[in-house]
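Inspection log for the structure reproduced underneath, given as structure tokens.
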Amino acid sequence: MKNLMKMIVIAMVGGLALGAYAPVKKMVPVSHIYSPDGFDSNDNVEVIVEGFLPNLCYRSPMSEVEVKGDKIDIKISALSSEKENPYCPEMVVPFLEKIDVGVMDKGLYDIYVNGKSIYELQGKIKVNESVSDAIDEEVYANVEYIERVRGSRNVLLKGHNPSDCFVLEKVEFYDNDKDVYSVLPKMKQISDFCPMKMIPFEYEVEVPNKLKQDKLLLHVRVMDGQSVNSLYNNK
């Protein structure tokens, strides 16, 4: 009996010790909300939030989203191990978090990020009415990352397409009149025979010079209703 009680006490103390050092989820600073233009009521609506981790004891930024009527409530947090490490290196780590809001009805929505906290930000996003009930029927290039061409306004859209029966038709740019260019690399089908074959590509495009903010977001639509996002120095 004494041995059993001893084992229980040891297990409880061990559990408390582990719990004391477990990372905790904490809200983190956010600096900007990017609201891409061009979403319809059959699109997967996305909001992109820029922020930073206060020091190297924070990791793995994550988001939670809730839609109530015309309000989008977003919480951005990260795992913090500050309690177990009082000497956290003071290095700010920037991040860009893509939030999948989902398919939404047409309308103008208010965005609240980390509401009712010292980090609260507010914004808006517009969803247009779709002309079709089908999910976005456009086929976009499977862009994986964006690379700036040094000394120019050009960027390289790089990735792999799943077949050689599609080729790039055109790249369209839309903007939100503020700080986001939505980039649509539209593909066209040139053959009915589409064998699965990973085809690398690199498309060079020039970023328009319409928006005047020093820092912009390039929001590139890709396959399966997703996107790739990158900040762009517009100076």
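Quick check for segment 143-233: number of Lys pairs with alpha-carbon distance under 28 Å, counting only pairs 8 or more apart or on different chains?
Final tally of qualifying lysine pairs is 25.
Which of Val180, Val149 has the fewest other C-beta atoms within 10 Å, and how do the rest follow up to the most?
Listed from fewest to most nearby Cβ atoms, that is Val149, Val180.
How far is helix 2-20 tilted, in degrees, relative to the longest principal axis of the Cα atoms in the chain, given as a value from 0 to 90 rounded to the nearest 10?
40 degrees
Please arrange Val24, Val45 by how many other C-beta atoms lie within 10 Å of their C-beta, fewest to most.
Result, fewest neighbours first: Val24, Val45.
Over the chain, what relative contact order in percent results from Cα pairs under 8 Å that are six or more residues apart?
Computed over the chain, the figure is 18 percent.
Using helices alone, what [θ] at 222 nm do you get for the chain, with -39,500 (n - 2.57) per DSSP H run of 4 or more residues, divided over all residues and rounded to the nearest 500?
-3000 deg cm²/dmol
To make sure I understand the rule: partners must be lysines, Cα under 16 Å from the Cα of Lys26, and not fewer than 8 residues away in the same chain. Which ones qualify?
Of all the lysines, those that pass the test against Lys26 - Cα under 16 Å, at least 8 places apart if same chain - are Lys75, Lys83, Lys116.
Which order do Ile48, Ile199, Ile190 fall in if you start with the one that has the fewest other Cβ atoms within 10 Å?
Placing the least packed residue first, the sequence is Ile190, Ile199, Ile48.
What size of dipole, in debye to the nearest 20, comes out for segment 143-233 about its Cα centre when the only charges are +1 on Lys and Arg C-beta atoms and -1 on Asp and Glu C-beta atoms? Before the final figure, lay out each step's value.
Values: 13 positive and 14 negative charges, 49 e Å.
Roughly 240 debye, rounded to the nearest 20.
Give the shape of the chain as rounded, prolate or oblate, defined through the alpha-carbon gyration tensor: a ≥ b ≥ c are the square roots of its eigenvalues, a/c under 1.5 means rounded, and otherwise the shape is prolate if a/b is larger than b/c and oblate if not.
prolate
Projecting each Cα onto the charge dipole of the chain (Lys/Arg +1, Asp/Glu -1 at the beta carbon, about the Cα centre), which of Pro89, Ile190, Met62 comes out farthest on the positive side?
The one lying farthest along the dipole's positive direction is Pro89.
Calculate, axis by axis, the spread of Cα positions in segment 25-127 along the three principal axes, and write the results as whole Å, longest axis first.
Sorted from largest, the Cα extents of segment 25-127 read 49, 22, 17 Å.
Please give the contour-minus-distance gain from Ser163 to Lys68: 0.36 nm per residue of separation, less the Cα-Cα distance, rounded to one decimal in nm.
My answer for the length gained is 30.2 nm.
Values in this text are rule-based calculations from the coordinates and carry no lab data. Note that the structure is predicted; figures quoted are calculated from it, not measured. Positions of Cβ are backbone-derived with ideal geometry, glycine not excepted, and every protein chain shown enters the neighbour counts.
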